[in-house]
Amino acid sequence: MRGLFSYKGKRIQLYYRYLNGWYTFFFSIPTLSLAAWLWWKNWTNIVSVIDGNQKALAKIIMLGILVSGLLFLTIAVSLFAMKRSKENGGYFSRLQRCQWLLKYLIENNLVDIKKVKTETGSKELIQLPKVYYKKKNSLDCFTFELGGKNHKEFLMMGSVLEELFLGDLVEIDRKPMLVTYKLLLDTIERRLSIREVKAENGSIEIMKGVFWEYDKLPNLLISGGIGGGKTFFIYTLIKVFMEIGTVKIADPKKSDLGVLADLPAFKGHVVMEKEEIFRLLEDSFEMMIKRYKYMREHKNYTMGKNYAFYDMPPYVVIIDEWAAFFSTLDYKETDRVLKVLMPLILQGRQAGVYMIIALQRPDAQSLPNGIRDNLLAKVSLGRLSELGYKMSFGDENKNKSFVNKSGVGRGYLDIGKGIPQELYSPFVPNDFDFLTEFAKFDHMIELDFEPARITVEDQKLMDDMYSADDERQLRKMVSEEYQRKRQEKLNKAGDITIE
């Protein structure tokens, strides 16, 4: 019964077109009442002027100027208040959205027009379909009743609403005879400062009301061109995770992240050479096994509980410029990397081992689909081409209206709902310096697993978690035929650019 009578929102009505004028008149009622009272008080003078008495004319002119000025001021204040309400997401911003949608429905003939006979002939009456609007938490929800002549059009309104309101469709809710589109609008107003971003209870609030729940949706893919804000976003994640756990970094280009190597907390945690990156991945794989072993042998071992239950810090591996690293690998080196990378991505979540991979373009040559599909959270930053967005978020979002707006740190984010939404990465003020902030840490938060020894049984347990399908996918990735095709496509990659 609850679902049957759930509140759908206010139904959009035809008279919404005129509400701005009616509200202006309503706000002017006190002034109009004062004006009426002033005219009534001076009615004798008005009559005498009409009868030709010029002595009272000056008073009447002054009264007219005063009343006109008060009325003009009231209307100006009313319009200004409505404008500010629209800018600040108040009532009139919600009314404006209803008016825009109403205009779209009428101009695109998504209404019923009936002719009604009158005494002088006939006139047309517009009947609106049942469309509802409500604001729920941070989402704007538009509900359309299905089954009418506009049934197909209403099932495809998601992209239309995104384009009308320059927002992001984050969820589509279907019920019998109803479809509800939930949009995230005014995204830039939800931007957080770098000082506000924290990791708590297995999640990070990236924007106000927008959380990456890394414990549930592990591993992150970051894509974006030069100057889009990718490096600062990675720095933000490093800051957040090193406050609660261990961060390992690989920077094969020896650039932005490599400068951290000399800071006290990052000693031994930043690698740049190819062999060092191999060992980092292999050591991380070994660490994952040790963490599983620690949990199984814990005195409070409980089946199904993750690392946080055992007070273990998360262990995060960040690899920047992955494509630059992966494109240099030969057949044997690719085999060596993928044999540990795939299990890390597929099995690391419960042990608190997470992979963050950053690159400019996540194509199949540098990031095989078996890896890309299991990086469950995805972020793009900066201006990407249509192909770039497709590579980042998959074919299932090919009808998504991606808009390239200007601004560093602006992009898109998919936090597991399958629908990318607009992202403004945490704002870094001019007085904030990452290197100064990182220098405040003298060590990482780590558990000492050195005494732990991996037995044959431990390795077998991990192998059992790795399915036959995973193994077939891995063999495909490292096959000579795959490597040959990958190299051919890499040679042609110069024709594909990111804007």
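For segment 283-309, a residue qualifies if it is among the hydroxyl-bearing types (Ser, Thr, Tyr), assigned to a loop (DSSP other than H, G, I, E, B) and either open to solvent by less than 70 Å² (accessible area, probe 1.4 Å) or under 25 Å from residue 360 (Cβ atoms) (or both), and exactly one does: 302. Residues being of a type in the set (S, T, N, Q) and within 24 Å of residue 226 (Cβ to Cβ) are represented in segment 380-390 by at least one member.
Just one of the listed residues (110, 101) is within 31 Å of the chain's Cα centre (by Cα), surrounded by 15 or more Cβ atoms within 10 Å (Cβ to Cβ) and part of a helix (DSSP H, G or I), namely 101. Can you confirm whether segment 370-389 contains a residue that is in contact (Cβ under 8 Å) with a residue 12 or more places away in the chain and on the phi > 0 side of the Ramachandran plot? So far as segment 370-389 goes, yes, one or more of its residues are in contact (Cβ under 8 Å) with a residue 12 or more places away in the chain and on the phi > 0 side of the Ramachandran plot.
Scanning segment 137-163 for residues that are touching a residue at least 24 places away in the same chain (Cβ under 8 Å) and charged (D, E, K, R) returns 140, 145, 149, 153, 162, 163. Candidates 324, 358: the one that is surrounded by fewer than 20 Cβ atoms within 10 Å (Cβ to Cβ), farther than 28 Å from residue 448 by Cβ and in contact (Cβ under 8 Å) with a residue 12 or more places away in the chain is 324.
Is it the case, given these coordinates, that residue 438 is within 19 Å of residue 363 (Cβ to Cβ) and not small (Gly, Ala, Ser)? The answer is no for residue 438. Listed by position, the strands (runs of 3 or more DSSP E) inside segment 310-426 whose residues that are acidic (Asp, Glu) number at least 1 are 410-414, 421-424.
Here's the yes/no breakdown for (1) in contact with a Leu (Cβ under 9 Å, 6 or more places away or on another chain); (2) under 19 Å from residue 371 (Cα atoms); (3) modelled with pLDDT under 90:
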{"site": "190", "(1), (2), (3)": "yes, no, yes"}
{"site": "194", "(1), (2), (3)": "no, no, no"}
{"site": "209", "(1), (2), (3)": "yes, no, yes"}
{"site": "219", "(1), (2), (3)": "yes, yes, no"}
{"site": "222", "(1), (2), (3)": "yes, yes, no"}
{"site": "228", "(1), (2), (3)": "yes, no, yes"}
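Give segment 246-260 a look and list any residue that's open to solvent by less than 20 Å² (accessible area, probe 1.4 Å), out of contact with any Leu (no Cβ under 8 Å at 6 or more places or on another chain) and part of a loop (DSSP other than H, G, I, E, B), or say none. The one that is open to solvent by less than 20 Å² (accessible area, probe 1.4 Å), out of contact with any Leu (no Cβ under 8 Å at 6 or more places or on another chain) and part of a loop (DSSP other than H, G, I, E, B): 257.
Yes or no, residue by residue, for (1) under 59 Å from the mean Cα position of the chain (by Cα); (2) at pLDDT 80 or above; (3) of a type in the set (D, E, K, R); (4) open to solvent by less than 30 Å² (accessible area, probe 1.4 Å):
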| position | (1), (2), (3), (4) |
| --- | --- |
| 48 | no, no, no, yes |
| 56 | no, no, no, yes |
| 66 | yes, yes, no, no |
| 75 | yes, yes, no, no |
| 79 | yes, yes, no, no |
| 86 | yes, no, yes, no |
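Hey, which of the strands (runs of 3 or more DSSP E) in segment 135-244, taking only ones fully inside, have at least 1 residues that are on the phi > 0 side of the Ramachandran plot, among the hydrophobic types (A, V, I, L, M, F, W, C) and not assigned by the TED database to the domain that holds residue 257?
Values: elements: 139-145, 168-175, 178-184, 203-207, 210-212, 220-224.
Hits in segment 135-244: none.
All told, residue 263 falls short of being within 24 Å of residue 187 (Cα to Cα), aliphatic (A, V, I, L, M) and open to solvent by 20 Å² or more (accessible area, probe 1.4 Å).
Would you check if residue 125 is surrounded by 20 or more Cβ atoms within 10 Å (Cβ to Cβ) and in a strand (DSSP E or B)? For residue 125, the condition - surrounded by 20 or more Cβ atoms within 10 Å (Cβ to Cβ) and in a strand (DSSP E or B) - is not met.
In segment 266-281, which residue that is out of contact with any Gly (no Cβ under 8 Å at 6 or more places or on another chain) and crowded, with 16+ Cβ neighbours inside 10 Å is farthest from residue 196 (Cα to Cα)? It comes out as 278. When residue 275 is tested against (1) in contact with a strand residue (DSSP E or B) (Cβ under 6 Å, 6 or more places away or on another chain); (2) assigned by the TED database to the domain that holds residue 360; (3) modelled with pLDDT of 90 or more, only condition (1) is not met.
From 166, 192, 184, grab the single residue that is closer than 30 Å to residue 232 by Cα, touching a residue at least 60 places away in the same chain (Cβ under 8 Å), surrounded by fewer than 17 Cβ atoms within 10 Å (Cβ to Cβ) and not charged (D, E, K, R).
The unique qualifying residue is 166.
The values are calculated or read from the model by the stated rules, or taken from the named source; none is laboratory data. Every value quoted in this text rests on a predicted model; they were computed, and no experiment measured them. Neighbour counts run over all protein chains shown; Cβ positions are idealised from the backbone, glycine included. For accessibility, only protein heavy atoms count, side chains too; no ligands or nucleic acids. Shrake-Rupley method; radii C 1.70, N 1.55, O 1.52, S 1.80 Å.
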